[in-house]
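Here is the structure we will look at, set down as structure tokens.
The values are calculated or read from the model by the stated rules, or taken from the named source; none is laboratory data. Keep in mind that what you see is a predicted model, and the values were worked out from it rather than measured. Cβ sites come from the backbone with ideal geometry, for glycine too, and all protein chains shown count toward neighbours.
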Amino acid sequence: MNSISETNFQFPNQTSFYKGKVRDVYSFEKHLVMVATDRISAFDVILPRAIPFKGQVLNQIAAYFLNATADIVPNWLEEVADPNVSIGINCQPYPVEMVVRGYLAGHAWREYSSGKRAVCGVTLPDGLKENDKLPHPIITPTTKAHEGHDEDISREEILAQKLISEDDYEHLERYTLALFGRGTEMAADQGLILVDTKYEFGNLEGVIYLIDEIHTPDSSRYFYKDVYQENQRLNLPQKQLSKEFVREWLIQNGFQGKEGQSIPAMEDEWIQQISERYIELYEKVTGNKFQKSKAENPLQRIEKAILRATEKF
């Protein structure tokens, strides 16, 4: 299956290269070039096989939502140079990710079900069950780990450690809740519930920018609206669009990213299923038909697109 596991280009005037869990990032003096590869990660571990068209799905969903939220907060995106490539402003990232949750799911549920009633300093009421709607959206930040696991951190710890100034952090909170509100409205228009998501921000010359991806299946969780209430009433799992199904498959096969655990074998049929789920999510979230990028030599196609775009730098 034709997928993009990694890139390793060298461009004129390139200042650095960073390989993230999913994105390969080429830095220039004032610009960043992000290549969304087909790598997939779970439990902060990159899985051994890439997923066809996953990178294109992520890149194009992110661009769709960045354009749709530019009136709320400036963002880094300047150009989508290729189905897998976004180019934009090179900002100084803040060292935390702003995770926002409207429902008790995923990591927050795992913490809650273990007996904890506070997540990142936010107290939750007793008596909630998995996937219940929270009284109001909560922000549960994490530190940004280049390697290993991101760690939960509270607002108080962020300010005490001077990771972000209080004024900037208050802006980040306002932007986070406004973005989540817009994402919630756009999801509802498509028959979906935006359950939780994360945002990353950066700063350039005193201006805060929204950076990286937003509202993609790698950074967000969606439920189907039409069956949500009935599934909650019957204590059934929610039908969802996210990569939680990949995490669940890994857990069932004895892997949660812990020391000594082995990643289970990923057969072709399972890879194809994951790819189809990502394409389904693109079409469901955006309301647009997914157009698969040309399969022949995607690395060559991507390199040419970046060279054309970076001539203007």
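Condition first: crowded, with 21+ Cβ neighbours inside 10 Å, of a type in the set (Lys, Arg) and part of a loop (DSSP other than H, G, I, E, B). Now tell me which residues in segment 39-68 satisfy that.
ARG39
Given the structure, is LYS225 out of contact with any Ser or Thr (no Cβ under 6 Å at 6 or more places or on another chain), closer than 20 Å to LEU134 by Cβ and basic (Lys, Arg)?
Details: out of contact with any Ser or Thr (no Cβ under 6 Å at 6 or more places or on another chain): yes; closer than 20 Å to LEU134 by Cβ: yes; basic (Lys, Arg): yes.
For LYS225, the condition - out of contact with any Ser or Thr (no Cβ under 6 Å at 6 or more places or on another chain), closer than 20 Å to LEU134 by Cβ and basic (Lys, Arg) - is met.
Anything in segment 8-31 that is buried (at least 19 other Cβ atoms within 10 Å of the Cβ) and within 18 Å of the chain's Cα centre (by Cα)? List them, or say none. Full working, then the answer.
The initial filter retains those residues of segment 8-31 that are buried (at least 19 other Cβ atoms within 10 Å of the Cβ), namely 22-24, 26, 31.
Within segment 8-31, VAL22, ARG23, ASP24 meet the criteria.
Do we find a residue being within 20 Å of the chain's Cα centre (by Cα) and small (Gly, Ala, Ser) anywhere in segment 117-125?
No; the residues of segment 117-125 include none that is within 20 Å of the chain's Cα centre (by Cα) and small (Gly, Ala, Ser).
Tell me which residues, restricted to segment 165-218, are part of a helix (DSSP H, G or I), of a type in the set (Lys, Arg) and closer than 13 Å to ILE139 by Cα.
Residues of segment 165-218 part of a helix (DSSP H, G or I): 166-189.
Going one step further and asking which of them are of a type in the set (Lys, Arg), we end up with 174, 182.
Scanning segment 165-218 gives a single hit, ARG174.
SER5: within 14 Å of the chain's Cα centre (by Cα) and either surrounded by fewer than 18 Cβ atoms within 10 Å (Cβ to Cβ) or at pLDDT 95 or above (or both), yes or no? I'd like the intermediate steps shown before the answer.
On the way: within 14 Å of the chain's Cα centre (by Cα): no; either surrounded by fewer than 18 Cβ atoms within 10 Å (Cβ to Cβ) or at pLDDT 95 or above (or both): yes.
So SER5 does not fit the description; no.
Hey, does segment 254-266 have a residue that's touching an Asp or Glu at 6+ places or on another chain (Cβ under 8 Å) and surrounded by 13 or more Cβ atoms within 10 Å (Cβ to Cβ)?
yes
All but one of (1) assigned to a loop (DSSP other than H, G, I, E, B); (2) under 24 Å from GLY106 (Cα atoms); (3) of a type outside the set (Ser, Thr, Tyr) hold for GLN14; state the number of the condition that does not hold.
(2)
Looking only at segment 82-113, which residues are surrounded by fewer than 20 Cβ atoms within 10 Å (Cβ to Cβ) and among the aliphatic types (A, V, I, L, M)?
ILE89
If we keep just the residues of segment 209-257 that are touching a residue at least 24 places away in the same chain (Cβ under 8 Å) and of a type in the set (Lys, Arg), which is nearest to ALA42 (Cα to Cα)?
The selected residue is ARG247.
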